[in-house]
Amino acid sequence: MIASHLVGLLRDLVEIESPTHTPGVRAAAERMAQELSALGGAATLLDGNHVRADFPGAGAPLVLLGHTDTVWPVGTLARLPFRVEGPRALGPGVYDMKAGLVTMLAALAEAPAAGHRRRALRVLITADEEQGSITARPHIADAARGAAAALVLEPCLPGGGVKVARKGIGRFKLTVTGRAAHAGTQPSPGVSAIEELARQVVRLHGLADAGRGISVNVGVIGGGTAENVIAERAEARVDVRITRHDHAAELEAALRGLEPSLAGARHEWSGEWTRPPLEASAGSALLFAAAARHARSLGLALAQGGSGGGSDGNLIGALGVPVLDGLGPDGGGAHAETEHVLLASIPQRARLLALLLADPGVP
Ligand SMILES: [Zn+2]
């Protein structure tokens with residue numbers, strides 16, 4: 001059973017609507033800073049409405065990561081209020097990742113187990129994770145310096161598994177230039193940017209390689225001006241995901257190396273890798289082994305896996321810090337109307353995290 005004060009805390013956090021780059025993010029950050037101070041952390045509100053709280057303790061510090069921002073616009077609560085229905089709590093951002101924040105606070109409130117002194121901790125709650133953590137990056141780098149490991153409170157895999165790998169993400173744009181002409185002129189002097197783009201979309205999707213965990217998705221296309229004009233310009237926005245760092249250069253070369261299919265058409269690429277992949281490592285294996293051992297002591301089996309989505313775990317992992325992600329509670333429907341968290345999972349994950357904080361399995 002979950003304690004009623006934790007449900008109250010979850011309600012409070014969900015009822016502070018906090019889409020990225022809105023005043024609600026500051027309100028959520030202030031509330032988190034207050035809670036972290038009350039638990040003995042030296043909490044500071046950083047530039048960009050991120051929160052950092054340091055807790056004294058033994059050894060190289062562990063970093064605890066979470067985020068206050070959500071993908072839900074202000075006003076969503078009027079339509080989808082916080083509510084408890086049977087075993088679930090629902091509401092915007094409840095699962096991704098306000099329940100993760102509650103889990104973190106509940107774990108910090110638990111006294112370390114007998115015989116263990118708690119490790120030094122750096123808590124970092126970022127404010128723009130849902131938009132790539134652009135302003136959080138320097139603070140993530142600060143928190144990473146000399147850290148032994150990072151524990152990320154993002155939602156777990158369905159059923160409770162933790163995440164030891166996450167795909168890296170690139171956002172690219174292909175702009176095609178052709179030559180405008182009247183649609184009825186025969187033979188036409190025009191070169192259709194739309195036809196060229198259509199051919200390239202098929203080639204782009206052909207670059208995906210499920211076996212190597214590479215996905216390529218043209219998610220948005222646009223172009224042309226009128227039915228009776230051969231289109232001069234068209235563009236495609238492409239999401240590329242990779243599982244390994246060394247796939248990045250290969251994919252980028254493949255994109256930029258696509259030859260125009262129509263004589264007279266030109267390609268221009270822009271965009272970049274927005275998050276590096278988080279790769280399973282020797283360090284993450286040690287963290288997982290410790291977490292699995294603690295889970296067994298609680299009578300639980302812990303699975304591990306990967307995720308196609310990115311998180312701040314990708315960023316801190318790229319700085320050489322071992323990462324265990326997906327330590328947040330179970331639920332479903334992230335970024336969807338059905339978003340919910342399983343309430344019983346919150347105290348369970350909090351106990352697991354408390355054990356891991358005392359004994360993370362890494363030096
Ligand atoms: Zn999240």
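What follows draws every value from the coordinates through simple rules; no lab data is involved. Keep in mind the model is a prediction, meaning the values are calculated, not measured. Ideal geometry is used to build each Cβ from the backbone, glycine not excepted, and the neighbour counts take in all protein chains shown.
Things to note:
- Per residue of the chain, the DSSP helices (runs of n ≥ 4 H) give a summed -39500 (n - 2.57) that works out to -9500 deg cm²/dmol at 222 nm.
- Arg179 long-range amide H proximity, modeled H, under 5 Å: Val191, Ser192, Ala193
- With Cα atoms, 0 to 90° folded angle of helix 193-206 axis to the chain main axis: 40
- Under Karplus coefficients 6.51, -1.76 and 1.60, residue-wise ³J(HN,Hα) of the range 255-270 in Hz, glycine/proline x: 5, 5, x, 5, 7, x, 8, 9, 4, x, 8, 10, 10, 9, 9, 9
- Inter-label distance for Glu15 and Ala249, nm, one decimal - labels placed 7 Å from Cα along Cα-to-Cβ: 5.5
- What the Cβ-Cβ distance of Val202 and Leu39 gives, at R0 = 51 Å and to the nearest 0.05, is a FRET efficiency of 0.40.
- 5 angstrom amide H check on Thr20, placed H, neighbours 5+ away: Thr70
- Cβ-derived FRET efficiency at R0 45 Å, Gln186 paired with Val7, nearest 0.05: 0.05
- Projecting label points 7 angstrom from Cα along Cα→Cβ for His335 and Ala78 puts them 2.6 nm apart.
- Centre separation in Å (Cα based) which lies between the range 252-268 and the range 141-182: 26
- Rounded to the nearest 10 degrees, the angle from helix 345-358 to the longest Cα principal axis of the chain is 70 degrees.
- Among beta bridges that DSSP assigns inside the chain, antiparallel share in %, nearest 5: 75
- Summarising the amide proton neighbourhood of Leu46: residues at separation of 5 or more, or on other chains, whose placed amide H is nearer than 5 Å comprise Val51, Arg52.
- Cα-based shape type of the range 1-87, given that a ≥ b ≥ c are square roots of the gyration tensor eigenvalues and the cut on a/c is 1.5: oblate
- Gyration tensor (alpha-carbon) shape descriptor, the range 80-150, a/c threshold 1.5: oblate
- Overall Cα dimensions of the range 168-275, principal axis frame, Å, largest first: 49, 20, 20
- The equivalent ellipsoid that matches the C-alpha gyration tensor of the chain spans semi-axes of 44, 23, 18 angstrom, in descending order.
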